[in-house]
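The values are calculated or read from the model by the stated rules, or taken from the named source; none is laboratory data. Everything quoted here is computed from the prediction, not taken from an experiment. In this analysis, Cβ positions are derived from the backbone assuming ideal geometry, glycine residues included, and neighbour counts consider all displayed protein chains.
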2 protein chains.
Amino acid sequence: MTIFRRYGPLFTDLYEITMAASYWTHRLDAEATFSLFVRNYPPKRNFLVAAGLEDVLNQLEQFRFAEDEIQYLKASGLFPDDFLACLPGIRFSGEVYALPEGTIFFPGEPVLEVTAPLIEAQLLETFLLNTIGFSSLIASKAARCMIAAGGRALIDFSLRRTQGLDAGLHVARSMYLAGFAATSNVLAGKIYGIAVSGTMAHSYVTAFNSELEAFSAYAEQFPDQSVFLIDTFDTLQGARYAAEVGRQMQEKGHALIGVRLDSGDMTALSKKVRKILDDAGLSQVKVFASGGFDEYKIAGALSDGACIDAFGVGTKVGVSADAPYVDIVYKMVQFNDRKVRKLSPGKATLAGQKQVFRRLDPQGRLQEDVIALRDEDIKGATPLLEKVMEGGRCLKPHPSLEAIREKFSRELSILPEDIKSINDHHIYPVHLSGRLQKAQES
Amino acid sequence: MTIFRRYGPLFTDLYEITMAASYWTHRLDAEATFSLFVRNYPPKRNFLVAAGLEDVLNQLEQFRFAEDEIQYLKASGLFPDDFLACLPGIRFSGEVYALPEGTIFFPGEPVLEVTAPLIEAQLLETFLLNTIGFSSLIASKAARCMIAAGGRALIDFSLRRTQGLDAGLHVARSMYLAGFAATSNVLAGKIYGIAVSGTMAHSYVTAFNSELEAFSAYAEQFPDQSVFLIDTFDTLQGARYAAEVGRQMQEKGHALIGVRLDSGDMTALSKKVRKILDDAGLSQVKVFASGGFDEYKIAGALSDGACIDAFGVGTKVGVSADAPYVDIVYKMVQFNDRKVRKLSPGKATLAGQKQVFRRLDPQGRLQEDVIALRDEDIKGATPLLEKVMEGGRCLKPHPSLEAIREKFSRELSILPEDIKSINDHHIYPVHLSGRLQKAQES
């Protein structure tokens with residue numbers, strides 16, 4: 001089960017509907033193609049990760065105006081009766097080409113192209129921008145954390161500070177897609193089948209008469225699932241109590257999974273805590289750390305030699321704090337067989353239905369992409385956009401989240417090292433085909 | 001109608017439920033008080049605006065575990081049967097004190113305090129942090145835009161780039177609460193009764209054979225509701241076409257509302273466009289501007305003398321881009337009549353049930369706040385936290401969004417000028433009462 005809820009066609013900017021009304025009146029009902037793409041690199045980003053398509057396809061298949069939604073529009077007094085009368089019959093009947101979720105992509109490349117009667121294609125704009133933009137933004141941020149963590153486990157702790165609760169669901173999914181091991185978000189676990197993780201907060205420790213009593217009580221309840229939070233009062237004393245209870249657990253045939261640090265100088269503390277645990281014969285007990293981690297702080301801690309086995313990653317990644325939005329747009333590129341484009345300064349668009357071709361180098365790594373017209377064939381390069389919907393119906397079942405995750409993992413493994421840098425900006429080569437360039441001159 | 005949807009108790013971090021299970025087993029069922037507060041100022045912020053309470057109270061009144069939710073928890077294998085058996089009976093039965101929505105507040109001050117049996121109070125943590133934190137974050141950002149705009153109208157255009165679709169709803173509500181005139185978000189209009197606004201995108205202009213034809217077609221459909229987007233090809237030529245159609249509208253007894261700029265040097269363009277309109281005898285036609293506006297860009301344009309009458313405010317405000325999260329926490333401050341606190345470095349909490357008192361100066365402006373114990377009485381100062389829920393039921397109907405908006409407007413009008421600065425950090429005086437300080441020593 002992956003559909004959470006119906007959004008409905010009112011989840012849109014008003015102008016999509018006023019434009020639709022005008023198109024209706026003027027019989028502008030020919031087919032249009034719109035292209036969804038990111039205009040510029042967000043700060044520090046060298047690549048982006050496509051995500052959000054499953055939600056899009058689910059919503060397109062159930063796109064329709066409900067009676068109360070039409071009544072609301074009628075009450076606004078903006079719309080003529082004949083237009084309101086056509087709304088109950090509107091479905092999405094078009095065709096969609098899209099990058100599969102988990103595909104690495106770059107600014108300028110279409111992530112998705114919709115071809116449909118103009119009104120249908122127009123009404124989707126806000127929904128598509130929001131859904132693909134946000135999920136891709138977070139998947140891209142999470143991918144950077146995966147690079148920084150160098151194989152250590154990452155767990156999504158962001159729900160309390162995501163921008164709303166729905167955002168927390170999409171964040172959990174995008175982080176898992178990028179390779180995170182688990183999420184604290186229980187509903188995301190239920191909906192997406194992601195492993196859930198979490199043990200105790202500071203309030204738990206303070207609800208007992210002592211830290212030692214709190215750890216013992218937790219161990220009794222969860223003898224093989226415990227991670228003790230050790231910084232409520234004094235981290236090193238907390239580590240000693242944890243070791244004491246950990247040894248008792250061992251004697252009873254159980255095992256403490258780990259301890260968690262959540263404040264202070266975590267690099268220095270992690271080394272001291274590791275020693276306390278090792279000296280107690282608890283070398284298998286892991287050290288978890290949480291509190292303000294993102295790709296920069298993870299990389300910093302690890303380069304300082306922190307003894308941290310897994311990171312709880314929260315707020316800064318869950319809102320993509322250093323780049324909290326992506327400059328994603330949805331532009332008409334063809335209407336009624338006429339290629340169209342916009343010339344506003346800094347906002348030019350490429351006319352025509354397109355395809356993105358990717359060429360690998362002899363070592364199998366990404367070498368260059370070519371944006372071309374859709375009907376071109378670029379020798380030795382693979383087309384990335386797939387036709388996923390025709391006549392308003394999905395052409396095949398959507399891949400599972402596990403399969404998407406594996407796809408992304410393969411893509412990341414063949415990304416050149418310079419493009420994987422989290423601090424330095426490197427531009428991956430993306431060219432335009434000769435025919436696409438020529439099509440812009442007409 | 002203001003309730004959009006049920007979130008349900010699985011919208012939480014797993015550790016809230018594992019802690020609850022352990023409390024259950026150890027019969028830790030005494031009453032606890034948790035305090036929700038912002039720990040530190042977000043960058044550049046001098047004040048915050050309370051928002052999100054209506055959503056919180058609605059969800060608390062309907063808090064219960066559904067059968068499929070309990071089945072999911074059971075299948076995790078983490079929880080003992082007797083704990084699972086107690087879940088269907090759990091309701092929120094506690095008491096809530098809260099700052100009314102629209103109240104200006106400062107770091108350290110409780111926004112909300114919950115007193116309830118420990119398990120109930122604990123299970124709410126993630127939901128409360130997310131809901132109050134995000135809505136207050138955006139209301140605070142929007143308030144800064146209101147200050148910068150100095151009375152000009154602001155319109156929410158953010159839906160396409162908010163962090164998810166639900167975020168778009170909460171953003172629209174928080175912006176309206178702070179004084180925005182309208183939103184482009186149609187569903188927010190329907191749910192919250194906010195005025196909706198929007199006319200045309202670039203794709204509309206390009207769907208016609210010419211800009212002039214596009215404007216004429218729109219004017220025909222919406223003879224008294226038109227704002228023409230004039231930057232698709234050349235802004236000044238677009239302004240001349242708009243003036244031409246605007247004059248034709250006038251001759252037919254209608255009126256063009258405005259033109260919109262969305263790219264380029266908007267200060268310079270706005271002056272030239274204003275002149276084109278004025279020279280055509282269209283001085284009543286307004287100039288709207290959109291594209292990357294936030295409080296800084298609004299203030300910059302106005303101080304450069306831009307002839308802009310209203311701003312469409314989108315992405316940067318809808319995600320609070322310069323401060324996309326707030327350091328909000330929910331800490332146990334009393335348990336079973338024992339005051340409790342956490343001592344982690346940089347994360348200390350104030351024990352005890354509290355009240356915030358506000359003192360005004362002789363001119364009626366905010367002078368200082370005092371955080372005190374709840375049962376104190378601070379002479380000449382007004383208590384801000386109101387008891388809004390008792391026994392799990394709201395004590396009165398929630399104020400309307402219009403009333404909340406008026407409340408905020410009054411609060412903003414008595415905020416000292418230095419605290420209203422959008423660029424310089426000034427700290428409003430917040431003190432602790434003697435009794436509250438003394439209570440920390442026990």
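Values computed for the structure shown
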{"quantity": "Within the range B:168-188, considering residues that are under 13 Å from A:Thr126 (Cβ atoms) and of a type in the set (Gly, Ala, Ser), the one surrounded by the fewest Cβ atoms within 10 Å (Cβ to Cβ)", "calculated": "B:Ala188"}
{"quantity": "Positions within the range B:189-203 being part of a helix (DSSP H, G or I), buried (at least 23 other Cβ atoms within 10 Å of the Cβ) and either under 15 Å from the mean Cα position of the chain (by Cα) or of a type in the set (Phe, Trp, Tyr) (or both), in sequence order", "calculated": "none"}
{"quantity": "Among the candidates B:Ala239, B:Ala219, B:Ala243, residue that is touching a His at 6+ places or on another chain (Cβ under 9 Å), crowded, with 21+ Cβ neighbours inside 10 Å and farther than 30 Å from B:Ile138 by Cβ", "calculated": "B:Ala219"}
{"quantity": "Flag if B:Lys407 is more than 30 Å from A:Met266 (Cβ to Cβ) and touching a Gly at 6+ places or on another chain (Cβ under 8 Å)", "calculated": "yes"}
{"quantity": "Condition check for A:Val326: within 12 Å of another protein chain (Cβ to nearest Cβ) and not in a loop (DSSP other than H, G, I, E, B)", "calculated": "no"}
{"quantity": "Conditions (1) among the polar types (S, T, N, Q); (2) under 30 Å from B:Arg27 (Cβ atoms); (3) without any contact (Cβ under 8 Å) to a residue 60 or more places away in the chain: number failed by B:Thr349", "calculated": "(3)"}
{"quantity": "Condition met for A:Ala167 (free of Cβ contacts under 8 Å to residues at least 12 places away in the same chain and within 8 Å of another protein chain (Cβ to nearest Cβ))", "calculated": "no"}
{"quantity": "Residue in the range B:87-104 that is more than 30 Å from B:Thr382 (Cβ to Cβ) and within 14 Å of chain A (Cβ to nearest Cβ) present", "calculated": "yes"}
{"quantity": "Some residue of the range B:68-79 being outside any helix (DSSP H, G or I) and surrounded by 24 or more Cβ atoms within 10 Å (Cβ to Cβ)", "calculated": "no"}
{"quantity": "Breaking point among (1) buried (at least 24 other Cβ atoms within 10 Å of the Cβ); (2) more than 7 Å from chain A (Cβ to nearest Cβ); (3) acidic (Asp, Glu), for B:Asp231", "calculated": "(2)"}
{"quantity": "Residues located in the range B:402-436, provided they are over 26 Å from the mean Cα position of the chain (by Cα) and exposed (fewer than 14 other Cβ atoms within 10 Å of the Cβ)", "calculated": "B:Gly434, B:Arg435"}
{"quantity": "A:Ala182 being in contact (Cβ under 8 Å) with a residue 12 or more places away in the chain, facing another protein chain (nearest Cβ under 7 Å) and among the small types (Gly, Ala, Ser)", "calculated": "no"}
{"quantity": "Tally, over the range A:389-412, of residues that are basic (Lys, Arg) and free of Cβ contacts under 8 Å to residues at least 12 places away in the same chain", "calculated": "2"}
{"quantity": "Top-ranked residue in the range A:60-73 [being within 12 Å of chain B (Cβ to nearest Cβ) and either among the aliphatic types (A, V, I, L, M) or without any contact (Cβ under 8 Å) to a residue 24 or more places away in the chain (or both); ranked as farthest from B:Gln225 (Cα to Cα)]", "calculated": "A:Ala66"}
{"quantity": "Breaking point among (1) at pLDDT 95 or above; (2) crowded, with 19+ Cβ neighbours inside 10 Å, for A:Pro362", "calculated": "(2)"}
{"quantity": "Check on A:Lys331, within 14 Å of chain B (Cβ to nearest Cβ) and without any contact (Cβ under 8 Å) to a residue 40 or more places away in the chain", "calculated": "no"}
{"quantity": "Subset of the range A:283-323 (residues that are assigned to a loop (DSSP other than H, G, I, E, B), surrounded by 22 or more Cβ atoms within 10 Å (Cβ to Cβ) and touching a strand residue (DSSP E or B) at 6+ places or on another chain (Cβ under 9 Å))", "calculated": "A:Val285, A:Phe293, A:Asp294, A:Ala306, A:Ile308, A:Gly314"}
{"quantity": "Residue that is surrounded by the most Cβ atoms within 10 Å (Cβ to Cβ) [pool: residues in the range A:10-29 that are assigned to a loop (DSSP other than H, G, I, E, B) and within 7 Å of chain B (Cβ to nearest Cβ)]", "calculated": "A:Thr12"}
{"quantity": "Out of A:Val340, A:Val259, sole residue that is over 25 Å from the mean Cα position of the chain (by Cα) and buried (at least 22 other Cβ atoms within 10 Å of the Cβ)", "calculated": "A:Val259"}
{"quantity": "Yes/no for A:Ala32 being part of a strand (DSSP E or B), within 9 Å of another protein chain (Cβ to nearest Cβ) and at pLDDT 95 or above", "calculated": "yes"}
{"quantity": "Of residues in the range A:280-305 being touching a residue at least 24 places away in the same chain (Cβ under 8 Å) and among the charged types (D, E, K, R), the one farthest from A:Ser421 (Cα to Cα)", "calculated": "A:Lys286"}
{"quantity": "Any hit, the range A:105-117, residues being in contact with a strand residue (DSSP E or B) (Cβ under 7 Å, 6 or more places away or on another chain) and among the aromatic types (Phe, Trp, Tyr)", "calculated": "yes"}
{"quantity": "Selection status of B:Glu211, more than 36 Å from the chain's Cα centre (by Cα), charged (D, E, K, R) and more than 8 Å from chain A (Cβ to nearest Cβ)", "calculated": "yes"}
